[in-house]
Amino acid sequence: MEPIVNQFPAKRLLAVKPSPSMAAKATVDKLRANGHAIIDFTIGEPDFPTPQHIIEAGKRAMDEGHTRYTNSSGTPALRKAITDKLKRENNLDFAIDEVIVGCGAKHIIYNALTATVNKGDEVIIPAPYWVSYPDMVIINEGVPVIVACPAENNFKLTAADLRQAITDKTRWVILNTPNNPSGAVYSKEELEAISAVLEQYPDIWIMTDEIYEHFVYGNARHYSILNVAPQLRARCLIVNGLSKSYAFTGWRIGYGAGPKALIKSINLLISQSTTCASAMSQAAAITALNGPQECVKEAVGMFEQRCERIVKLLNAIPHISCGKPDGAFYVFPSVKELIGLTTPTGKVLASDSDVVMFFLESAGVATIDGTSYGAPGYLRISFATSMEQIEAGCAALDKAVRECIKTSELSKSA
């Protein structure tokens, strides 16, 4: 008799896609390993090392024996540093037992959804969105409700669109400001309007992902929704981390701040899964939060210069239109005018995904399609790379686009 083979994987995983950003990184790594010169505009992490004083703190932590398990919720010292940071930088008061530490901000978001979403519950997600939000909802048998936020609304959720999306099954609304991938930053007035809607629905929770909070440019200012609507505190989870601000991605430290009952539920899940975040990483995170902040200010200044440059270069390329983002370290240019053109190899560009492959194969430049972020017709391009790479990458894109336009014109006249 043939052995019975259990079906694998679990059915809930069949609707889940791999992270497009991580898939793009894997593609770039593979091409480079095979000898291809690739300019990578996909990666969502600073291109400079973790500041040296933070690295030294991690080394000291290991030398001092911080190599064992910690509390599942994080060390008391780190949670105290987080509450101090929230008070100092965000004017928000949280107690230590209202703070949870995880292996990155993604870890907190995932566990918060796992702790609260039942089958069929709806989670409102403005698009363009960070790629993992919908899939994390789906894994937990929830229903992502995608609300399109077009360019004419600066890629931001309006109060009217939020109200229309709410049903009696709505469990969460997820806000991401500054936004990945668009760089949109919600103003105080916009958050007040959204809050006014949410006040009318006391059973809906609000998750605000603020991982890019320090990266705001020009006249833009970062506000947490609790700065304008403290009355929502009992049903709001603030998510943040150190990955972006301190070039801390590989150390894997994120945190959440919210009501005690929710924090306790997230802690329960952590205790039964990852146990705790890395002890030495937590020690280094204390130094990052409590130590000198010049490194953050320098990073913001550098990214703002890169932002100005890449927007100018992209707008000089025919058929590409790129607005200037208010925050984060991505631009989100429209490539809608490229769709329908014929490449020099004879392929018709039918989608933004085709444009991505054309740029990769013809220009050696890696980008990510807007469709993966819920906004077809756009590309996400990271400027978390050197000015030299920005210049070279945009020059290669310009050349590829002009050749494509020329081929298309010749094919029409033939």
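Structure notes:
- Residue count for region 348-390, restricted to those that are in a helix (DSSP H, G or I) and aliphatic (A, V, I, L, M): 7.
- Of residues in region 160-187 being in contact with a helix residue (DSSP H, G or I) (Cβ under 7 Å, 6 or more places away or on another chain) and farther than 29 Å from I253 by Cβ, the one most open to solvent (accessible area, probe 1.4 Å): R163
- Residues of region 113-133 that turn out to be open to solvent by 10 Å² or more (accessible area, probe 1.4 Å) and under 16 Å from the mean Cα position of the chain (by Cα), as a count: 4
- Scan of region 356-381 for residues that are small (G, A, S), under 11 Å from P181 (Cα atoms) and in contact with an Asp or Glu (Cβ under 8 Å, 6 or more places away or on another chain), ordered by number: G370
- Considering residues of region 286-308 that are under 24 Å from I253 (Cα atoms), in contact (Cβ under 8 Å) with a residue 12 or more places away in the chain and among the polar types (S, T, N, Q) only, the residue least open to solvent (accessible area, probe 1.4 Å): T287
- Boolean, Y201 is outside any helix (DSSP H, G or I) and open to solvent by 10 Å² or more (accessible area, probe 1.4 Å): yes
- Note on region 204-225: among residues that are farther than 27 Å from S281 by Cβ, open to solvent by less than 10 Å² (accessible area, probe 1.4 Å) and aliphatic (A, V, I, L, M), the one that is farthest from the chain's Cα centre (by Cα) is I204.
- If you go through region 355-384 and keep only what is within 15 Å of the chain's Cα centre (by Cα) and not hydroxyl-bearing (S, T, Y), you end up with I368, D369, G370, G374, A375, L379, R380, I381, F383, A384.
- Qualifying residue in region 88-97 (condition: part of a loop (DSSP other than H, G, I, E, B) and open to solvent by 50 Å² or more (accessible area, probe 1.4 Å)): yes
- Residue in region 362-382 that is within 14 Å of P20 (Cα to Cα), among the acidic types (D, E), in contact with a Gly (Cβ under 8 Å, 6 or more places away or on another chain) and at pLDDT 95 or above present: no
A quick yes/no check of all residues on (1) in a loop (DSSP other than H, G, I, E, B); (2) of a type in the set (D, E, K, R); (3) open to solvent by less than 90 Å² (accessible area, probe 1.4 Å); (4) at pLDDT below 95:
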{"residue": "E2", "(1), (2), (3), (4)": "yes, yes, no, yes"}
{"residue": "A23", "(1), (2), (3), (4)": "no, no, yes, yes"}
{"residue": "K30", "(1), (2), (3), (4)": "no, yes, no, yes"}
{"residue": "I54", "(1), (2), (3), (4)": "no, no, yes, no"}
{"residue": "A61", "(1), (2), (3), (4)": "no, no, yes, no"}
{"residue": "T67", "(1), (2), (3), (4)": "yes, no, yes, no"}
{"residue": "S73", "(1), (2), (3), (4)": "yes, no, yes, no"}
{"residue": "K85", "(1), (2), (3), (4)": "no, yes, yes, no"}
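- In the condition set (1) among the β-branched types (V, I, T); (2) closer than 22 Å to F155 by Cα; (3) open to solvent by 10 Å² or more (accessible area, probe 1.4 Å); (4) not in a helix (DSSP H, G or I), V311 is compliant with all but (4).
- Residues satisfying the criterion are present in region 150-160 (criterion: over 16 Å from the mean Cα position of the chain (by Cα) and β-branched (V, I, T)).
- Filter result (under 21 Å from E152 (Cα atoms) and exposed (fewer than 15 other Cβ atoms within 10 Å of the Cβ)) within region 331-359: E337
Residue-by-condition table, conditions (1) free of Cβ contacts under 8 Å to residues at least 12 places away in the same chain; (2) of a type in the set (F, W, Y); (3) part of a helix (DSSP H, G or I):
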{"residue": "I211", "(1), (2), (3)": "no, no, no"}
{"residue": "H214", "(1), (2), (3)": "no, no, no"}
{"residue": "H222", "(1), (2), (3)": "no, no, no"}
{"residue": "A261", "(1), (2), (3)": "yes, no, yes"}
{"residue": "L268", "(1), (2), (3)": "no, no, yes"}
{"residue": "A277", "(1), (2), (3)": "no, no, no"}
{"residue": "S281", "(1), (2), (3)": "no, no, yes"}
{"residue": "A284", "(1), (2), (3)": "no, no, yes"}
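The values are calculated or read from the model by the stated rules, or taken from the named source; none is laboratory data. This one's a predicted model, so the numbers in the text were calculated from it and none came from an experiment. Backbone-built Cβ (ideal geometry, glycine too); neighbour counts: all protein chains shown. Side chains are part of the model used for accessible areas, which takes the heavy atoms of the whole protein and leaves out ligands, DNA and RNA. Shrake-Rupley method; radii C 1.70, N 1.55, O 1.52, S 1.80 Å.
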